[in-house]
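Asks: Take this structure first; my questions come after.
The values are calculated or read from the model by the stated rules, or taken from the named source; none is laboratory data. These numbers come from a predicted model, not from an experiment. Cβ placement follows ideal geometry from the backbone for every residue including glycine, while neighbour counts extend to all protein chains displayed.
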Amino acid sequence: MAVLIDGAFFLKRYFSLMDQSGLQPPDQVAKNLYQFALKHVRKEFHLYRIFYYDCIPLDKKVHHPISKRAIDFKKTEQYRFRISLFDELKKKRKVALRLGVVKDTGKWLIYPNTGKLLMNGTISVHNLSENDVYYDIKQKGIDMKIGVDIASLALKRFVKQIVLISGDADFVPASKLARREGIDFILDPMWNKIDDSLFEHIDGLRSTCPKPRGV
């Protein structure tokens with residue numbers, strides 16, 4: 001069996017559930033990720049590989065439109081964390097990194113909640129602060145890499161079971177193909193609620209990270 005992990009989704013859920021302070025070092029996060037993945041390996045299966053999908057973080061310099069201060073993304077804590085996490089995962093047995101790139105739009109955007117306040121006149125553009133805008137970047141190629149790997153694992157008969165740690169419905173076409181090829185397809189949304197319509201496209205739902213209260 002193989003475990004496929006959508007890195008952006010995993011980190012968002014991980015910091016929401018297990019480390020809201022964001023203070024855990026990359027080696028601890030990598031260790032927990034690895035343990036969560038291994039918990040999916042039942043006695044009747046052998047692990048083929050753990051695939052981790054993410055993007056190399058942006059490393060350019062920009063100027064903030066509100067404060068006009070220079071920002072070097074390569075020197076940010078987020079950049080250092082991501083690169084260190086990749087290095088830690090490379091050391092883990094049977095882990096394969098599938099790294100894409102980020103699409104740099106070159107634009108600063110206003111957060112939706114702030115946009116609503118601007119539109120209803122509660123605030124004006126003169127009230128905007130640094131935290132009201134963000135630099136727009138998007139992942140590129142990650143969904144395709146996941147889809148291609150699912151198809152390859154299924155069609156080449158490398159595995160009998162695939163576990164996908166994700167909450168994105170974009171996996172549905174690939175899961176359909178895998179299931180038609182007889183693959184047991186398990187979704188791990190890390191206790192995140194999924195749309196009822198997704199149940200018809202998977203063979204099981206199982207989360208291995210600690211269960212949050214109230215779920």
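Asks: Based on what the data block shows, is residue 30 in contact with a Cys (Cβ under 8 Å, 6 or more places away or on another chain) and within 25 Å of residue 168 (Cα to Cα)? Lay out the reasoning, then the answer.
Replies: Numbers: in contact with a Cys (Cβ under 8 Å, 6 or more places away or on another chain): no; within 25 Å of residue 168 (Cα to Cα): yes.
It is false that residue 30 is in contact with a Cys (Cβ under 8 Å, 6 or more places away or on another chain) and within 25 Å of residue 168 (Cα to Cα).
Asks: Related question: Among the residues that make up segment 61-75, is at least one of them in contact (Cβ under 8 Å) with a residue 12 or more places away in the chain and within 24 Å of residue 153 (Cβ to Cβ)?
Replies: No; the residues of segment 61-75 include none that is in contact (Cβ under 8 Å) with a residue 12 or more places away in the chain and within 24 Å of residue 153 (Cβ to Cβ).
Asks: While we're on this one: Does any residue in segment 38-53 that is in contact (Cβ under 8 Å) with a residue 12 or more places away in the chain come within less than 9 Å, Cβ to Cβ, of a residue that is of a type in the set (Phe, Trp, Tyr) and in a loop (DSSP other than H, G, I, E, B) six or more places away or on a different chain, and which pairs are these?
Replies: 48/158; 49/158
Asks: Sticking with this structure for a sec: Suppose we filter 61, 90, 145, 140 for residues that are basic (Lys, Arg) and more than 19 Å from the chain's Cα centre (by Cα); which single one remains? I'd like the intermediate steps shown before the answer.
Replies: Numbers: 90 fails: more than 19 Å from the chain's Cα centre (by Cα); 145 fails: more than 19 Å from the chain's Cα centre (by Cα); 140 fails: more than 19 Å from the chain's Cα centre (by Cα).
Within the list 61, 90, 145, 140, the selection yields 61.
Asks: Of all residues in segment 195-212 being at pLDDT 90 or above, within 21 Å of residue 36 (Cβ to Cβ) and surrounded by 15 or more Cβ atoms within 10 Å (Cβ to Cβ), which is farthest from the chain's Cα centre (by Cα)?
Replies: Per the criteria, the residue is 203.
Asks: Could I ask something else about it? Taking segment 86-138 on its own, how many of its residues are more than 24 Å from residue 63 (Cβ to Cβ) and surrounded by 10 or more Cβ atoms within 10 Å (Cβ to Cβ)?
Replies: Number satisfying all stated conditions: 17.
Asks: Next up: Out of 1, 18, report the one residue that is of a type outside the set (Lys, Arg), surrounded by 14 or more Cβ atoms within 10 Å (Cβ to Cβ) and touching a His at 6+ places or on another chain (Cβ under 9 Å). Steps first, answer last, please.
Replies: Working: 18 fails: touching a His at 6+ places or on another chain (Cβ under 9 Å).
From the options 1, 18, the qualifying one is 1.
Asks: Among the β-branched types (Val, Ile, Thr), surrounded by fewer than 15 Cβ atoms within 10 Å (Cβ to Cβ), in contact with a strand residue (DSSP E or B) (Cβ under 9 Å, 6 or more places away or on another chain) and closer than 30 Å to residue 20 by Cβ - does that describe any residue in segment 152-170? Walk me through how you get there before you give the answer.
Replies: Let us first name the residues in segment 152-170 that are among the β-branched types (Val, Ile, Thr), namely 159, 162-163, 165.
After this cut, where a residue has to be surrounded by fewer than 15 Cβ atoms within 10 Å (Cβ to Cβ) as well, the list is none.
Scanning segment 152-170, I find no residue that is among the β-branched types (Val, Ile, Thr), surrounded by fewer than 15 Cβ atoms within 10 Å (Cβ to Cβ), in contact with a strand residue (DSSP E or B) (Cβ under 9 Å, 6 or more places away or on another chain) and closer than 30 Å to residue 20 by Cβ, so the answer is no.
Asks: Let me ask another. Report yes if some residue within segment 42-53 is under 28 Å from residue 185 (Cα atoms), at pLDDT 90 or above and among the acidic types (Asp, Glu); otherwise report no.
Replies: no
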